[in-house]
Amino acid sequence: MNVEALSGLPSGAVEHFTDRGIEELYPPQAAAVEAGVLEGESLVAAVPTASGKTMIATLGMLSAIERGGMALYIVPLRALASEKREEFAAFDAFGVDVGVTTGNYESTSDWLASKDVVVATSEKVDSLVRNGAAWLSELTCVVSDEVHLIDDASRGPTLEVTLAKLRKLNPGLQLVALSATVGNAGEIADWLDAELVESEWRPIELRTGVHRGNVLEFDDGTSREVPVRGRERQEMALVRDILTEEGSSLVFVNSRRNAESAATRLSGVTDGVVTGEDRETLAELAERIREVSDTETSEDLAACVERGAAFHHAGLAGEHRSLVEDAFRDRSLRVIAATPTLAAGVNTPARRVVVRDWRRFDSTAGGMAPLDVLEVHQMMGRAGRPGLDPYGEAVLLAGDGEESAELFDRYVWADPEPVESKLAAEPALRTHVLATVASGFGNTRGELLAFMRETLYASQSTEPGRLETVTDAVLEYLVRNGFVERDRRDDTERDGFVPAGELRERAGAELRATSLGHTVSRLYLDPMSAAEIVHGLESATDRPTALGLYQLVSRTPDMYELYLRSGEAETYGELFFRREAELLGDVPSEFEEERFEDWLSALKTGKLLEDWADELGEDRLTERYGVGPGDLRGKVDTAEWLLGAAESLAAEIDSEWAVAVREARARVEHGVSEELLELVSVRGVGRKRARALYGAGIESPADLREAEKGVVLGALRGEKTAETVLENAGREDPSMDGVEPRRSPVEDGGEAAGGEPASGGATACGAADGEDQSSLGDF
C-alpha cells in the first residue's frame, strides 16, 4: 500500500513520511489500515520487533487528531518516553504539538491539556487518573506500547488497570495496543474489544540458530563454520566473526557480574578493529563516562569503552546507560554485553544477537531456571537493523549435541507463552483497589467488582468466585487500616471493620476513601507502606533520628531492600542492638527469625542512606554495600520519594515529627549532613561545593551574600561557578572580575565553621572515615 493513498491524516503528514523515505507501508501496517486504524477502530498489533509497530500507532494518533481528538502514547520506561519524544518532535512541522510527562506522581499536569499527543509512562498515567486530571476525558486515541508487559509482575498490573480506567472514562476510545508476538494475542484483542493484526513478517531476514563446537546451525537446516580459537569462549568467536563484516553484536548474559566480565573479554576482540579516528571518539566517550561517577564500575566501563566494547545493566547510572546506548546506535561501540533488561528497553538493534545464558537464578525455583520463551524471543528480535544490516542473526550457545537439540526445541522452534495478568498478587491488588475507590470508579462493592470484571485478570480467571474473594480480602485490609470506610447501617461494624460475609451481602453499601486513603492514593504509595510509616511515626516517643526514619521507609514494600551477604547478619545484628532505641515501630525479637532478618536488611539499606547523608564518598558506598552507582541513585531517589510521602502522612495524622521527616528527606536528597542544608538550598551548590564553602567558614546563603569574594572563589575554584553561585544566592554584584582566590581564616586554622572538623563518612558500625566527598553528578 502506497502512503500517498492514505487519507484522514493532517495536512503535511504524508509528505512527512515520504520525506523520510517511507513510500510503501509494510504488510503489518497495511493490514492495520485495512482493519480500520485510520477510522478510529481499536486494534492489537502483535508483530516482531522492527516491523513497523510505531508507524501503526502514528497512523492511529494522527488520524484521531485530524478528527479533532487528542492522543496518548503509553510507554513502559522513562527512557522510551524520551526516545518517542525525539521521534514525534518532527510532527511539529505539520502542526502537531507533542508533550511528555513521566514524573511527579502528585500532579495533574494540566499544561498537557493543550497538547495533541502526550507521551507518558503507565505509572504516570495511573497517577493522573488518581489525581483527577480533567484532560484525560478528552482523549480519543490511546496507544499502549509493549502491551505484553501486562505479564510483568512489577509493572503489569498498573498498565492493566490504567487501560481499564481509560476505557471507562472514554467509552468510545480508540485503543491501539502494540505487542511482541505472544501466545494469546487474540485473547488480549478480545479483552480490549479490538481487531487483531498478527504477523511474523520482518523487513529483513532474521536467522535463528545454535552455535555448538565450531559450527553455527540455523533453523532452516543450513550451517556455517564459526571456529573457536584455542581457549576462547564461543561468544568471542561469534563477535569476532561478525566484526569481519563490520557488523555489531549484542551478547546477553544472566547477571551484572557476567555482563562486566564478558565485556572485559570482548574488548580484547574489538580492540583489534578500532581505528585511529574511532579510538579518539571512544577516548572522549570514556572520559564522559568517568565524569558521571567516581566509582570502580564507572572506571571499568570506561576501560572497556576505550577498546570498543561496553557492558549494560541496571546497576549503571542512567547517564552511563544512555551514553552506551547512543554510542552503540551510532556504531562507535561494536559490542555490548548486557543483562536481559536491555531487550525490554530502548531501541538498540545489532546484526548479531548472542544469547549466551539461557538460565538464571530464580529464588522461587531454588536455583537456576530457564528463561521464558517470550523473553528470549525479545532478545532475538534485536537482531537486524533495517537500512543498516542486510540480515539479522540470533544465536544461542550449546556445549554439546543434547543441549543444542534442547535449545532448538525450547526456544528456536517454540511459540512464546501466553500473556497472563498479575493483578491478583496482593501488593498490586491492594494498591489498585484503593486507587479505584479513591478515584470514584468503585463507590460501592458492586461498582468495584463491576470495574474489576473489566480487567484482563477477570477475563482469564476460571475459578468461580475468585475475583470476589480476593477483592473482599483486600477491602477488609483497607477498611481495617483506615484507608476506606463503608456506610454504617447497624452495630455489626467495630472500628470501621466489616466482616467478609457482610461485605458480600451489602454490595450496595457506599464505599469511601478516607482522607488518609485519598492521601495514600495521591502519593502513589502501597497502602501497606503507608500503614508501616504511620505506625512507625505514631510509635515514636522521642524525635526520630535520620537512621530511624531511613530504616522505617526501607522496610516498606515500596523499597527494594539490600540483601544480607554472608557474615552480614552478625554485623548488622550488632548494629541493631546498639541502635535499637532509634528504630521505629514494633521491634522484633531475634527469635522471630524471618521478621528479624527483614529488619536487618532494612537496617542495612537505612545505613547506606545514613552514610550517603553523612557524605561518605560514592566510590566507598558502592564498594561497601556491593551496589552499582545506578543502585545507589535508585535507593536515594526512592528514599527521597518515600520520605516526602511520610511528611505528607505526618501532616495527615497530625504527627509532631513532620519537621524531623522533612530534614531527613532533605539530607538524603542532597547527600549532606545537617549543617549543610542551608547551603544546598542555593541552586548550583551540591554536596561537594557545600562542604568546600562550609570549610571556608561560609555556612548559609546570607554568608554567601556577605563573604569576601576571594574566599568564595578559593572554595569553589572557578570564576564562572563562583559567579553563578553568588548570583543564585542573591548577591547584588556577583562578578569575579579582578578577584584572586584566597584561603579563609577558618581554613588556615584547619577547622570548619563552628570549630568542628569537616564531616566524614561513617562505617557500617559507626566509625568515621573522614574521606573526601564525592557526588552523584551534582557538584
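The residues in region 249-273 that are open to solvent by 10 Å² or more (accessible area, probe 1.4 Å) and of a type in the set (Ser, Thr, Tyr) can be counted, and the count is 3. Say whether the condition of being open to solvent by less than 10 Å² (accessible area, probe 1.4 Å), under 23 Å from the mean Cα position of the chain (by Cα) and more than 23 Å from ASP631 (Cβ to Cβ) is met by at least one residue in region 533-545. There is no residue in region 533-545 that is open to solvent by less than 10 Å² (accessible area, probe 1.4 Å), under 23 Å from the mean Cα position of the chain (by Cα) and more than 23 Å from ASP631 (Cβ to Cβ). Only a single item in (1) closer than 30 Å to TRP413 by Cα; (2) surrounded by fewer than 24 Cβ atoms within 10 Å (Cβ to Cβ) is not met by GLY172, and it is number (1). Of the residues making up region 22-51, those that are under 13 Å from GLY8 (Cβ atoms) and either at pLDDT below 95 or assigned to a loop (DSSP other than H, G, I, E, B) (or both) are GLY36, GLY40, GLU41. Taken over region 91-108, residues that are under 20 Å from the mean Cα position of the chain (by Cα) and either more than 19 Å from THR58 (Cβ to Cβ) or modelled with pLDDT under 85 (or both) amount to 7.
Tell me, which residue of region 215-244 that is of a type outside the set (A, V, I, L, M) and assigned to a helix (DSSP H, G or I) is least open to solvent (accessible area, probe 1.4 Å)? Of everything passing the filter in region 215-244, GLU235 is least open to solvent (accessible area, probe 1.4 Å).
Within region 262-272, does at least one residue satisfy the condition of being over 27 Å from THR341 (Cβ atoms), part of a helix (DSSP H, G or I) and touching a Leu at 6+ places or on another chain (Cβ under 9 Å)? Steps first, answer last, please.
Of the residues in region 262-272, the ones over 27 Å from THR341 (Cβ atoms) are 272.
Filter once more, keeping what is part of a helix (DSSP H, G or I): 272.
From what is left, the residues that are touching a Leu at 6+ places or on another chain (Cβ under 9 Å) are 272.
For region 262-272, residues over 27 Å from THR341 (Cβ atoms), part of a helix (DSSP H, G or I) and touching a Leu at 6+ places or on another chain (Cβ under 9 Å): present.
Take SER529 and decide whether it is hydroxyl-bearing (Ser, Thr, Tyr), farther than 21 Å from VAL636 by Cβ and touching a residue at least 12 places away in the same chain (Cβ under 8 Å). Considered against the rule, which asks whether it is hydroxyl-bearing (Ser, Thr, Tyr), farther than 21 Å from VAL636 by Cβ and touching a residue at least 12 places away in the same chain (Cβ under 8 Å), SER529 comes out as no.
Of the residues GLU146, GLU123, GLU138, only one is surrounded by fewer than 24 Cβ atoms within 10 Å (Cβ to Cβ) and at positive phi; which? Step through it out loud before you land on a result.
Numbers: GLU123 fails: at positive phi; GLU138 fails: at positive phi.
That would be GLU146, the only listed residue that is surrounded by fewer than 24 Cβ atoms within 10 Å (Cβ to Cβ) and at positive phi.
The residue of region 158-184 that is farthest from PRO28 (Cα to Cα), among those that are modelled with pLDDT under 95 and of a type in the set (Gly, Ala, Ser), is GLY172.
Condition (residue is under 29 Å from PRO416 (Cβ atoms), in a loop (DSSP other than H, G, I, E, B), under 22 Å from the mean Cα position of the chain (by Cα) and not polar (S, T, N, Q)) applied to region 52-66: is it met by at least one residue? Checking region 52-66: not a single residue is under 29 Å from PRO416 (Cβ atoms), in a loop (DSSP other than H, G, I, E, B), under 22 Å from the mean Cα position of the chain (by Cα) and not polar (S, T, N, Q).
Scanning region 143-158 for residues that are among the charged types (D, E, K, R) and under 12 Å from SER421 (Cβ atoms) gives ASP151, ASP152. Taking the conditions (1) under 16 Å from ALA46 (Cβ atoms); (2) without any contact (Cβ under 8 Å) to a residue 12 or more places away in the chain in turn, LEU192 satisfies each one other than (2). Restricting the search to helices (runs of 4 or more DSSP H) fully inside region 511-593 and requiring at least 2 residues that are among the hydrophobic types (A, V, I, L, M, F, W, C) and over 23 Å from ASP614 (Cα atoms) gives 515-523, 527-539. Regarding region 405-415, can at least one residue be identified that is among the aromatic types (Phe, Trp, Tyr) and modelled with pLDDT under 95? No; the residues of region 405-415 include none that is among the aromatic types (Phe, Trp, Tyr) and modelled with pLDDT under 95.
Considering only residues that are in contact with a strand residue (DSSP E or B) (Cβ under 9 Å, 6 or more places away or on another chain) and in a loop (DSSP other than H, G, I, E, B), which ones fall in region 68-84? Within region 68-84, GLY69, MET70, PRO76, LEU77 qualify. May I ask you to verify whether GLY446 is out of contact with any helix residue (DSSP H, G or I) (no Cβ under 9 Å at 6 or more places or on another chain) and more than 30 Å from ARG356 (Cβ to Cβ)? Considered against the rule, which asks whether it is out of contact with any helix residue (DSSP H, G or I) (no Cβ under 9 Å at 6 or more places or on another chain) and more than 30 Å from ARG356 (Cβ to Cβ), GLY446 comes out as yes. The residue of region 85-106 that is nearest to ASP326 (Cα to Cα), among those that are part of a helix (DSSP H, G or I) and in contact (Cβ under 8 Å) with a residue 40 or more places away in the chain, is ALA90. When PRO416 is tested against (1) closer than 25 Å to TYR457 by Cα; (2) open to solvent by 40 Å² or more (accessible area, probe 1.4 Å), only condition (2) is not met. Filtering GLU87, GLU39, GLU4 for residues that are open to solvent by 50 Å² or more (accessible area, probe 1.4 Å) and within 26 Å of the chain's Cα centre (by Cα) leaves a single hit, GLU87.
Among residues belonging to region 564-578 that are open to solvent by 60 Å² or more (accessible area, probe 1.4 Å) and either of a type in the set (Gly, Ala, Ser) or in contact (Cβ under 8 Å) with a residue 40 or more places away in the chain (or both), point out the one that is farthest from GLY628 (Cα to Cα). Break it down into steps so the answer makes sense when it comes.
Taking region 564-578 first, the residues open to solvent by 60 Å² or more (accessible area, probe 1.4 Å) are 565-566, 570, 574, 577-578.
Narrowing the set further to residues that are either of a type in the set (Gly, Ala, Ser) or in contact (Cβ under 8 Å) with a residue 40 or more places away in the chain (or both) leaves 565-566, 574, 578.
Numbers: ARG565: 15, SER566: 19, GLU574: 26, ARG578: 28 Å.
So, considering only residues that are open to solvent by 60 Å² or more (accessible area, probe 1.4 Å) and either of a type in the set (Gly, Ala, Ser) or in contact (Cβ under 8 Å) with a residue 40 or more places away in the chain (or both), the one farthest from GLY628 (Cα to Cα) is ARG578.
Among the candidates ALA581, ALA602, the residue that is of a type in the set (Gly, Ala, Ser), open to solvent by less than 10 Å² (accessible area, probe 1.4 Å) and under 24 Å from VAL672 (Cα atoms) is uniquely ALA602.
The values are calculated or read from the model by the stated rules, or taken from the named source; none is laboratory data. Bear in mind the structure is a predicted one, so any value in this text is a computation, not a measurement. So basically every Cβ, Gly included, is an ideal-geometry build from the backbone, and we count neighbours across all protein chains shown. Ligands, DNA and RNA are excluded from the accessible area calculation, which covers all protein heavy atoms including side chains. Shrake-Rupley method; radii C 1.70, N 1.55, O 1.52, S 1.80 Å.
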